[in-house]
1. Give the residues of segment 10-46 that are in contact (Cβ under 8 Å) with a residue 12 or more places away in the chain, part of a helix (DSSP H, G or I) and over 14 Å from the mean Cα position of the chain (by Cα), sorted by residue number.
2. Residues of segment 84-101 being in contact with a helix residue (DSSP H, G or I) (Cβ under 6 Å, 6 or more places away or on another chain) and crowded, with 16+ Cβ neighbours inside 10 Å, which ones?
3. So which residues in segment 58-75 are in a helix (DSSP H, G or I) and out of contact with any helix residue (DSSP H, G or I) (no Cβ under 7 Å at 6 or more places or on another chain)?
4. For segment 112-130: of the residues being loosely packed, with under 15 Cβ neighbours inside 10 Å and in a helix (DSSP H, G or I), which is modelled with the highest pLDDT?
5. Determine, yes or no, whether residue 55 is assigned to a helix (DSSP H, G or I) and either in contact with a strand residue (DSSP E or B) (Cβ under 8 Å, 6 or more places away or on another chain) or crowded, with 19+ Cβ neighbours inside 10 Å (or both).
6. For residues that are closer than 19 Å to residue 99 by Cβ and in contact with a strand residue (DSSP E or B) (Cβ under 9 Å, 6 or more places away or on another chain), scanning just segment 28-52, find the one that is surrounded by the fewest Cβ atoms within 10 Å (Cβ to Cβ).
7. Determine whether residue 110 is in contact with a helix residue (DSSP H, G or I) (Cβ under 6 Å, 6 or more places away or on another chain) and more than 26 Å from residue 35 (Cα to Cα).
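The values are calculated or read from the model by the stated rules, or taken from the named source; none is laboratory data. The model shown is predicted, which means the values in this text are computed figures rather than measured ones. Every residue, glycine as well, gets a Cβ built from its backbone with ideal geometry; the counts of neighbours run over all protein chains shown.
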């Protein structure tokens, strides 16, 4: 059942992304200078964008790695799911976040997912060429 493996690959990529974000967020809020009276600082927003990009790349890589074939396409499906979630959401920032933040973090996620999936697909092309 190839379609089950494909669905599982995309789902595992999403879970990997979520786990990295949760772990990084739990660690980040404990660092000094990240929150002031419960509100995020500029340092926190920049840090969050950076580790979210890394989490997205990990998610894209996992989806592509577990895919039965057409690895990069599975990353694109995961990026599409993130895009769909963004389109269906209300796009409102959390308290303390600037208005632009939800849009930027979504775009960073999409780029990161595609980069991670392409990186995994590139490794396959290199292996075949040797």
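1. Correct list: 28, 44, 45.
2. First, pick out the residues of segment 84-101 that are in contact with a helix residue (DSSP H, G or I) (Cβ under 6 Å, 6 or more places away or on another chain): 86, 91, 93.
The one that is in contact with a helix residue (DSSP H, G or I) (Cβ under 6 Å, 6 or more places away or on another chain) and crowded, with 16+ Cβ neighbours inside 10 Å: 86.
3. 73
4. Looking only at segment 112-130, we keep the residues that are loosely packed, with under 15 Cβ neighbours inside 10 Å, and these are 122-130.
Next, only the ones that are in a helix (DSSP H, G or I) stay: 122-129.
Working: 122: 80, 123: 75, 124: 73, 125: 71, 126: 75, 127: 72, 128: 73, 129: 72.
Only one residue tops the list, namely 122.
5. Values: assigned to a helix (DSSP H, G or I): yes; either in contact with a strand residue (DSSP E or B) (Cβ under 8 Å, 6 or more places away or on another chain) or crowded, with 19+ Cβ neighbours inside 10 Å (or both): yes.
It is true that residue 55 is assigned to a helix (DSSP H, G or I) and either in contact with a strand residue (DSSP E or B) (Cβ under 8 Å, 6 or more places away or on another chain) or crowded, with 19+ Cβ neighbours inside 10 Å (or both).
6. Among those that are closer than 19 Å to residue 99 by Cβ and in contact with a strand residue (DSSP E or B) (Cβ under 9 Å, 6 or more places away or on another chain), it is 41.
7. Criteria met by residue 110.
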